[in-house]
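This report refers to the structure that appears directly beneath it.
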Amino acid sequence: MTKINKDYLKLPGSYLFSMIGKKVNEYAAANPDKKIIRLGIGDVTQPLPAKVISQLHEAVDEMAVKETFKGYAPDLGYEFLRTAIAENDYRARGCDISPDEIFVSDGAKCDSGNIQEIFATDNRIAVCDPVYPVYVDSNVMAGRAGDYIEDKGCFSNVIYMPCTAETGFAPEIPSEVPDIIYLCFPNNPTGATVTRSELQKWVDYANEKEAVIIYDAAYEAYIRQEDVPHSIYECAGADTCAIELHSFSKNAGFTGVRLGYTVIPKKLVREGVSLHSLWARRHSTKYNGAPYIVQRAGAAVYSEEGKAQVKALVDYYMENATYILNGLKKAGYTVSGGVNAPYIWLKTPDNMTSWEFFDHLLTKVNVVGTPGSGFGPHGEGYFRLTAFGSHENTVEAIDRIVSM
Ligand SMILES: Cc1ncc(COP(=O)(O)O)c(C=O)c1O
């Protein structure tokens, strides 16, 4: 008889965004005349940059000609893309990362969920609380998280690092020593960042404890402040303790195109084994590469035209972030994030729970956000709004909230 992976049964409730979708659909069906504005899910709304589109077209045409047709991509990704990434995202910032330390993938969600496979199941993970749910859920599925403690909303074998107003929504070094530490800056959901010197403390700690940091830099393009690092490899010694995840989704709008990459420096060794070689083995066994046309589109992001167009796209969303931040502040809300990130994290008013505020916004002003409690127990009493809407919708949504 076939037996299922019972660890899946430990996952609590339905996935946050399914629950939001269900509530919004029910409300929309009952109120067909209402214009609902969605500032909930972190999906982009603006079209791909023109340079990306023209490269996609060119690459598609190549596939129609025998001489330029491409089949399976190389295991790590095409050299032209890995070289562009190494030059622009790393060497231009003084980080010594080479193209063969970069693994091209179809996005940071898969990589952030799959990377745990190269580690033993008896490692203890530490995560920020609140947190992007994939880090915890993928470890639950792998049997590494222990049991779900219903009344606490956490897993028995996971080290949670509270990110609260008191800590500036950044984690502090935990008292129990983790083996794997998930960090994400600029942060989803809080929009918080850490300075280079603060991140250096984590790198030093991980090296001292021989832990590994999985650093999710999906929102790196939104960084505005000088002392906020774009990559963990800006910190000395990160190449012996950190894996970095990147996405083309939030900078260049590839959420529906799918492209990302993971960096594993060759110097990163645990128990005498190179993690680069383990991930290379995993990648070549279970993955057949991002499409050629998509990798060509990704390379366009690093052309001069592409860089200017991506910057304009990010600036567009950051204008929304500023409007949300200023509007809510003026209306008396306690808000953070939105400066180096497309997420605004607000304290729910009048001691409402996160889901109470969700219902309140949906029914009173027809605006959809994301309840903070969906990201972990310390997200309770908070609410996330995203800057990924159109200008018009963002302005209308904030004006509605402000006049509530
Ligand atoms: C922190 C974080 N990492 C990764 C992802 C997923 O990125 P991708 O679209 O590349 O899979 C998201 C998407 O919302 C995210 O918020």
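Of all residues in the range 100-126, those that are modelled with pLDDT of 95 or more have Cβ atoms under 7 Å from Cβ atoms of residues that are acidic (Asp, Glu) and within 16 Å of the ligand (Cβ to nearest atom), 6 or more apart or on another chain, in Ser105/Asp111; Ala108/Asp216; Ser112/Asp216. Considering the range 143-190, the residues that are over 26 Å from Pro342 (Cβ atoms) and of a type in the set (S, T, N, Q) include one that is surrounded by the most Cβ atoms within 10 Å (Cβ to Cβ), namely Asn157. Residues in the range 363-372 that are surrounded by fewer than 22 Cβ atoms within 10 Å (Cβ to Cβ) and either assigned to a helix (DSSP H, G or I) or of a type in the set (Asp, Glu) (or both): Thr363, Lys364, Val365.
Could you please let me know if Thr193 is surrounded by 21 or more Cβ atoms within 10 Å (Cβ to Cβ), among the β-branched types (Val, Ile, Thr), within 11 Å of the ligand (Cβ to nearest atom) and under 26 Å from Leu16 (Cβ atoms)? Against the criterion (surrounded by 21 or more Cβ atoms within 10 Å (Cβ to Cβ), among the β-branched types (Val, Ile, Thr), within 11 Å of the ligand (Cβ to nearest atom) and under 26 Å from Leu16 (Cβ atoms)), Thr193 does not qualify.
Filter the range 127-142 for residues that are within 12 Å of the ligand (Cβ to nearest atom) and in a helix (DSSP H, G or I); which is surrounded by the fewest Cβ atoms within 10 Å (Cβ to Cβ)? Walk me through how you get there before you give the answer.
Pass one, the range 127-142, residues within 12 Å of the ligand (Cβ to nearest atom): 127-128, 130-135, 138.
Those left that are additionally in a helix (DSSP H, G or I): 133-135, 138.
Details: Pro133: 19, Val134: 17, Tyr135: 23, Ser138: 20.
That would be Val134.
Of all residues in the range 189-208, those that are in the same structural domain as His230 (by TED's automatic domain parsing) have Cβ atoms under 9 Å from Cβ atoms of residues that are buried (at least 17 other Cβ atoms within 10 Å of the Cβ) and among the charged types (D, E, K, R), 6 or more apart or on another chain, in Pro189/Arg384; Thr190/Arg384; Gly191/Arg384; Arg196/Glu234; Leu199/Glu234; Gln200/Glu234.
Is it fair to say Ala236 is on the phi < 0 side of the Ramachandran plot, hydrophobic (A, V, I, L, M, F, W, C), away from the ligand (no atom under 16 Å from the Cβ) and assigned to a loop (DSSP other than H, G, I, E, B)? Step through it out loud before you land on a result.
Details: on the phi < 0 side of the Ramachandran plot: yes; hydrophobic (A, V, I, L, M, F, W, C): yes; away from the ligand (no atom under 16 Å from the Cβ): yes; assigned to a loop (DSSP other than H, G, I, E, B): yes.
Answer is yes for this residue.
Among the conditions (1) within 23 Å of Ala211 (Cβ to Cβ); (2) at pLDDT 95 or above; (3) out of contact with any Asp or Glu (no Cβ under 6 Å at 6 or more places or on another chain), Ile85 misses just one, which is (1).
Please enumerate the residues belonging to the range 88-126 that are part of a strand (DSSP E or B) and either surrounded by fewer than 21 Cβ atoms within 10 Å (Cβ to Cβ) or within 14 Å of the ligand (Cβ to nearest atom) (or both). Even if it seems obvious, please write down each step before you answer.
The first filter runs over the range 88-126 and keeps only residues part of a strand (DSSP E or B), leaving 102-105, 125-126.
Once the filter is applied, which keeps residues that are part of a strand (DSSP E or B) and either surrounded by fewer than 21 Cβ atoms within 10 Å (Cβ to Cβ) or within 14 Å of the ligand (Cβ to nearest atom) (or both), the range 88-126 yields Phe103, Val104, Ser105.
For residues that are without any contact (Cβ under 8 Å) to a residue 12 or more places away in the chain and part of a loop (DSSP other than H, G, I, E, B), scanning just the range 143-164, find the one that is farthest from Asp7 (Cα to Cα).
To start, the set of residues in the range 143-164 that are without any contact (Cβ under 8 Å) to a residue 12 or more places away in the chain comprises 149, 151, 156.
Next cut, part of a loop (DSSP other than H, G, I, E, B) only: 151, 156.
Numbers: Asp151: 19, Ser156: 13 Å.
Step by step, filter the range 143-164, then rank; the result is Asp151.
Please verify whether Val203 is under 21 Å from the mean Cα position of the chain (by Cα), assigned to a helix (DSSP H, G or I) and either away from the ligand (no atom under 15 Å from the Cβ) or among the charged types (D, E, K, R) (or both), treating the condition exactly as stated. Considered against the rule, which asks whether it is under 21 Å from the mean Cα position of the chain (by Cα), assigned to a helix (DSSP H, G or I) and either away from the ligand (no atom under 15 Å from the Cβ) or among the charged types (D, E, K, R) (or both), Val203 comes out as yes. Scanning the range 296-352 for residues being in a helix (DSSP H, G or I) and either aliphatic (A, V, I, L, M) or touching an Asp or Glu at 6+ places or on another chain (Cβ under 6 Å) (or both) gives a total of 13.
The set of residues from the range 255-269 being surrounded by 23 or more Cβ atoms within 10 Å (Cβ to Cβ), of a type outside the set (A, V, I, L, M) and near the ligand (Cβ under 9 Å from one of its atoms) comprises just one member, Gly260.
Could you check the range 202-242 and list, in sequence order, the residues that are over 20 Å from Arg270 (Cβ atoms), touching a strand residue (DSSP E or B) at 6+ places or on another chain (Cβ under 8 Å) and among the aliphatic types (A, V, I, L, M)? Correct list: Ala217, Ala218. Of everything in the range 212-227 that's in contact (Cβ under 8 Å) with a residue 40 or more places away in the chain and more than 16 Å from the ligand (Cβ to nearest atom), which residue is surrounded by the most Cβ atoms within 10 Å (Cβ to Cβ)? Result: Val212.
Residues in the range 7-48 that are part of a helix (DSSP H, G or I) and within 16 Å of the ligand (Cβ to nearest atom): how many? Within the range 7-48, residues that are part of a helix (DSSP H, G or I) and within 16 Å of the ligand (Cβ to nearest atom) number 5.
The values are calculated or read from the model by the stated rules, or taken from the named source; none is laboratory data. Just so you know, these numbers come straight off a predicted model, no measurement behind them. Positions of Cβ are backbone-derived with ideal geometry, glycine not excepted, and every protein chain shown enters the neighbour counts.
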